[in-house]
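Inspection log for the structure reproduced underneath, given as structure tokens.
The numbers here are math on the coordinates, done by the rules we state, and not lab data. Keep in mind the model is a prediction, meaning the values are calculated, not measured. Every residue, glycine among them, receives a Cβ derived from its backbone with ideal geometry; neighbour counts consider all protein chains shown.
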Amino acid sequence: MELLDTIPSLITTKKTTTEIALQVFDTLDCVEVAFMLGRWQGFGLHTNHPMDGLLEAAHWYGKEFVNSELVHPLLFLDKQGTIFKVASNLTLMNWGLKYPVLKSQSLQPLLLVSNFLLKTEKSQARLRMMDYRGKVSATMIYDYLPINDAFRKIDDNTVLGLMDFKNSPQPFFFVLKRA
């Protein structure tokens with residue numbers, strides 16, 4: 001079986017290893033900034049990363065790329081299913097990496113409240129073409145976090161994202177589908 005043949009299974013199970021996710025990522029085509037424009041719905045690809053399940057527990061919806069300078073990387077859903085934008089926060093990010101208990105069902109209300117308190121309309125990132133792992137592709141650069149999200153094309157409406165966080169030894173993977 002070819003590596004690219006594993007993609008439907010990865011998307012269905014939302015689970016793989018970091019090694020396989022990196023191999024798939026490296027095989028995929030690059031995308032231009034214009035390709036990324038619009039709203040995308042996402043989910044984490046579990047690779048035994050400390051963030052596995054954290055975004056879902058916090059009701060993460062996805063990302064929105066208005067243009068190369070106006071990016072909302074953290075869209076979440078409230079209890080009524082309304083999408084709202086959240087400001088990035090390094091302290092919460094580090095807590096999420098250090099304390100897996102934040103993913104527990106009982107603490108989800110706390111995550112919802114913290115997201116609501118960080119509500120914003122201000123752009124939190126930008127898009128640039130950058131070299132990552134030997135290929136130049138659209139990359140989202142957070143304004144206030146030491147994080148870059150590199151994107152590779154699965155198909156015309158789906159990308160594999162790789163979060164490169166300076167404080168994390170392993171990348172976090174996620175999938176975005178055009179909304």
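Quick notes on this structure:
- Once you reduce the range 34-73 and the range 112-179 to the center of their Cα atoms, the two points are 7 Å from each other.
- All other residues whose Cβ lies under 10 angstrom from that of Leu45 are scored, Lys and Arg at +1 and Asp and Glu at -1, for a net of +1.
- Stretched out straight at 0.36 nm per residue, the stretch from Val136 to Arg178 would grow longer than its current Cα-Cα span by 13.0 nm.
- Dipole size of the range 3-178 about its Cα centre, with +1 on Lys/Arg Cβ and -1 on Asp/Glu Cβ: approximately 400 debye, rounded to the nearest 20.
- Diffusion coefficient (Stokes-Einstein, Kirkwood radius over C-alpha pairs, 10 °C, 1.306 mPa s) for the range 3-178: 98 µm²/s, rounded to a whole number.
- Relative to the current alpha-carbon distance between Asp29 and Phe43, full extension at 0.36 nm per residue lengthens the span by 3.0 nm.
- Order of Leu54, Leu3 under a 10 Å beta carbon neighbour criterion, fewest first: Leu3, Leu54
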